[in-house]
């Protein structure tokens, strides 16, 4: 997927003094790149809907300081890219904005510091663990223009089956993914065969396997259509990321890079993008609480002038 990315950096600080400020810079770069590619000015953006994994979403709010762009901060954990997309789409479709930006990011080191252990601690990672992606993605949603079209969305419900292992988020999120996919199919009267791909993000290898098993038990066969951003973003054969990728940036860069490229080049005509999130916090984990999951689905088609 590397050729589909606009910018790659060897420096995980992105020229900033801390990882958290580096993540802020990541979102700034994503927005600057979007503005440049779209040929618009910041004053032509009616709102930015964005979020990240840091406490109080400081990566998002700090990235937009003093830019004069209206901002709605969102938190959906790793489902935030799908959440921001559908929020922007509803705003544009309802006539409340002409152009809105959906944006999110994550950073491996800042996430590890917040949710798990300092990197210098050198803690062992369980086989079910996933590797937080350091990346940011931004998408411009407008009422008119060329390119992929958001045709429908399904807002997910919070699903909790009692998974308490914070290192096995795929298992915690898989039931939420199934719930949303089934709701979308029923509400819109569609079937897996109506899509080129159904892409979750980010269940990882084990979470994807769990979703396939859960779906099969419900009579929904997804084997031929299902893929997952957490298994796509890394090479699981050559990169030791255990169960795969995770983080807001995982589905963001996979969607804004590889997935939309397949749509724009008409290799695919329709996908169902299902952002998944594990709604835990350091506090809930320390209290031994289970990990609730969420999934939002966004159906995207190839489109031309509108």
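The values are calculated or read from the model by the stated rules, or taken from the named source; none is laboratory data. Not measured: the values here are computed from a predicted model. FYI the Cβ positions are ideal-geometry reconstructions off the backbone, even for glycines, and counts take in every protein chain you see.
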**Filter result (surrounded by 16 or more Cβ atoms within 10 Å (Cβ to Cβ) and over 15 Å from residue 69 (Cβ atoms)) within the stretch 25-50** = 25, 26, 29, 33
**Request:** Could you identify the single residue in 218, 209, 224 that is at pLDDT below 95 and on the phi < 0 side of the Ramachandran plot?
**Result:** 224
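Going by what's in this entry, would residue 7 be described as in a helix (DSSP H, G or I), out of contact with any strand residue (DSSP E or B) (no Cβ under 7 Å at 6 or more places or on another chain), surrounded by fewer than 20 Cβ atoms within 10 Å (Cβ to Cβ) and outside the structural domain of residue 165 (by TED's automatic domain parsing)? Lay out the reasoning, then the answer.
On the way: in a helix (DSSP H, G or I): no; out of contact with any strand residue (DSSP E or B) (no Cβ under 7 Å at 6 or more places or on another chain): yes; surrounded by fewer than 20 Cβ atoms within 10 Å (Cβ to Cβ): yes; outside the structural domain of residue 165 (by TED's automatic domain parsing): yes.
Spelling it out, it is not the case that residue 7 is in a helix (DSSP H, G or I), out of contact with any strand residue (DSSP E or B) (no Cβ under 7 Å at 6 or more places or on another chain), surrounded by fewer than 20 Cβ atoms within 10 Å (Cβ to Cβ) and outside the structural domain of residue 165 (by TED's automatic domain parsing).
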**Item:** Residues satisfying the stated conditions in the stretch 148-187, i.e. in a helix (DSSP H, G or I), surrounded by 16 or more Cβ atoms within 10 Å (Cβ to Cβ) and touching a strand residue (DSSP E or B) at 6+ places or on another chain (Cβ under 7 Å)
**Value:** 169, 172, 173, 175, 176, 177, 179, 180, 181, 183, 184
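How many residues does the stretch 38-60 contain that are outside any strand (DSSP E or B), over 19 Å from residue 134 (Cα atoms) and under 18 Å from the mean Cα position of the chain (by Cα)? Reasoning before the result, please.
To start, the set of residues in the stretch 38-60 that are outside any strand (DSSP E or B) comprises 38-46, 52-60.
Then drop every residue that is not over 19 Å from residue 134 (Cα atoms), which leaves 38-46.
Next, only the ones that are under 18 Å from the mean Cα position of the chain (by Cα) stay: none.
Number satisfying all stated conditions: 0.
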**Item:** Per-region count, the stretch 214-254, residues in contact (Cβ under 8 Å) with a residue 40 or more places away in the chain and crowded, with 24+ Cβ neighbours inside 10 Å
**Value:** 14
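Here's the yes/no breakdown for (1) more than 25 Å from residue 180 (Cα to Cα); (2) in a helix (DSSP H, G or I):
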site	(1), (2)
62	yes, yes
65	yes, no
75	no, no
87	no, yes
91	no, yes
